[in-house]
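The values are calculated or read from the model by the stated rules, or taken from the named source; none is laboratory data. Since this is a predicted model, take the numbers as computed values, not measurements. Positions of Cβ are backbone-derived with ideal geometry, glycine not excepted, and every protein chain shown enters the neighbour counts.
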Amino acid sequence: MRVVIMGCGRVGSALAAGLERQGHEVAVIDRDSKAFRRLSADFRGEQVCGIGFHRDVLRRAGVEEASAFAAVSSGDNSNIIAARVARETFGIERVVARIYDARRAEVYERLGIPTVATVPWTTDRLMRMLLPDGVASAWRDPSGTVAVLPLPVHEGWAGHPIAELEEATGCRVAFILRFGAGVLPNEDTVIQAEDTIYVTAVSGTVSDVTVAAAAEPEGS
């Protein structure tokens, strides 16, 4: 498919290269012609110099034939304006905007523009590398408020109902991986020894949830 990328920084140039390797047709927009130096010498896509939310610039990049649009410049406002123009003016369904301010991300999601909130995602990635397995979140919402994480639990939780774990930790069990298959629990589900339990928790409570789950349950 044809993909238009606004922004030829580190993210935009890497995204363009990755999409082209997969055989997609790519056009990259940047207001600074020097930014295109980040593209590899064998890049075959189009390089369009201009402001990425201007309609004429987008047309020069072939947005009318595009199936997807990514706004990954260094400016939140430019990214969201370009993403909205691509969606609302040119009717592109697959649109994503890179957002640095996580507080704005939730607002933009409500406008129907999927966002990547750079700071929370980068922070979470670093935590995965620094902390023991299971502590960092596997996913968080764009505002950074809710996290989904695989929760290491004390072996004594085997045989206890999911509801007891939720009450003791203050989290919600989202799903369980059991013998390689996903299981959606209900109030009668009982924890088994080999379960990998994924829970949802408010980001600021993740440490407390982890500590509570690592403790032996009462009555064991």
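Among the residues examined, SER220 does not qualify as at pLDDT below 95, outside any strand (DSSP E or B), within 21 Å of VAL146 (Cβ to Cβ) and polar (S, T, N, Q). Of the listed requirements (1) out of contact with any strand residue (DSSP E or B) (no Cβ under 9 Å at 6 or more places or on another chain); (2) surrounded by 15 or more Cβ atoms within 10 Å (Cβ to Cβ); (3) closer than 19 Å to TRP139 by Cα; (4) small (Gly, Ala, Ser), ALA201 misses just one: (1). If you go through region 169-213 and keep only what is assigned to a helix (DSSP H, G or I), at pLDDT 90 or above and either of a type in the set (A, V, I, L, M, F, W, C) or under 13 Å from ALA158 (Cα atoms) (or both), you end up with ALA212, ALA213.
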